[in-house]
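Reviewing the structure listed below.
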Amino acid sequence: MRRRRGSAAADDAAVIESSRREPELFAVLFDRHAPHIHRYLARRAGRQIADDLVAETFLAAFAKRDRYDLRYSDARPWLYGIATNLVGQHRREEVRQYRIGQAATAEPEVPGHAGPLQPAVPAPVLDAVKLMYGGAAGTVAQLIIALAYIGDSKAYHLTVLGHHLTTAQLSHLRPLIITLVIGVALVLVALWLWMARAAGQGKSWARIVSTVLFGLATLELTGIHGIAQLFWAMLTWLTGLVAVWLLWRPASTAFFRERRQTLTRAP
């Protein structure tokens, strides 16, 4: 591709002005700002969607380059504005497609069926539910590993009120420690499964409770010591982070809203 000599060193306004006469020079603007726009879009819409939206952003900018105000030497605010509009359009389209699918599901009359049909569960909610089941399985794995370590009193340490317990004391307290570990693990597994079931059923409170529990898990990270503990805690935290993010996606919000309205209309 030919480029005017020195075009790479010109400011954005000069590149855009030159591209009006020589369209191939617009590639300089893409090379210069595409990585920044992609990172911005990845944060707003996800990495997979960002790949498509970057291309759409620069296609839209190319089509509008004749209207660019050349008084502004930096085109990044202009490009960010186009990218933001495309993110909004994508989210509105995501919600619209979900509602179309839901309407198609709810329209047919089912013989012998009393009351309205339930709205279809969108992909983000299904993915969040799968992650929650994965979190329950991960908690069981952590329990198994913890029980294996508890079997060897030399493999772990316990400090109470600033006093390091001896091996004999640990051996004496081992049944209590095992009971507590199993009890806490079972409660965590129950929470994962409970939130997964409730979210899959479209209960609005489920994502609120999930968000609160995720916040508490975030606070607990500050008190964790040890590489193994930190690894499992971070793995669980990341699982919760993605699940909560999916539950608050536009399609998920529309699903919970429609589900709540369906329950309200039910006799």
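The values are calculated or read from the model by the stated rules, or taken from the named source; none is laboratory data. Just so it is clear, the structure is predicted and the values come from calculations on it, not from any experiment. All Cβ positions, glycine included, derive from the backbone under ideal geometry; neighbour counts span all protein chains shown.
Could you tell me whether any residue of segment 198-221 is at pLDDT 85 or above, over 30 Å from Pro122 (Cβ atoms) and part of a helix (DSSP H, G or I)? No, segment 198-221 has no match at all.
For segment 57-90, a residue qualifies if it is surrounded by 17 or more Cβ atoms within 10 Å (Cβ to Cβ) and assigned to a helix (DSSP H, G or I), and the qualifying residues are Thr57, Phe58, Ala61, Arg65, Trp78, Leu79, Ile82, Ala83, Leu86, Val87, His90.
Please tell me if Ala106 is modelled with pLDDT of 85 or more, surrounded by fewer than 18 Cβ atoms within 10 Å (Cβ to Cβ) and hydrophobic (A, V, I, L, M, F, W, C).
Numbers: modelled with pLDDT of 85 or more: no; surrounded by fewer than 18 Cβ atoms within 10 Å (Cβ to Cβ): yes; hydrophobic (A, V, I, L, M, F, W, C): yes.
When the stated conditions are applied, Ala106 does not pass them.
Scan segment 247-254 and tell me whether some residue there is surrounded by fewer than 13 Cβ atoms within 10 Å (Cβ to Cβ) and either at pLDDT below 85 or not polar (S, T, N, Q) (or both).
Going through segment 247-254, the residues surrounded by fewer than 13 Cβ atoms within 10 Å (Cβ to Cβ) turn out to be none.
Among the residues of segment 247-254, not one is surrounded by fewer than 13 Cβ atoms within 10 Å (Cβ to Cβ) and either at pLDDT below 85 or not polar (S, T, N, Q) (or both), which makes the answer no.
The residues of segment 70-83 include none that are without any contact (Cβ under 8 Å) to a residue 12 or more places away in the chain and of a type in the set (Ser, Thr, Tyr).
For segment 109-139, a residue qualifies if it is among the β-branched types (Val, Ile, Thr) and at pLDDT 80 or above, and the qualifying residues are Val121, Val125, Val129, Thr139.
For segment 121-143, the set of residues classified as of a type in the set (A, V, I, L, M) and either buried (at least 23 other Cβ atoms within 10 Å of the Cβ) or in contact (Cβ under 8 Å) with a residue 60 or more places away in the chain (or both) consists of Val121, Ala123, Val125, Leu126, Ala128, Val129, Leu131, Met132, Ala136, listed by residue number.
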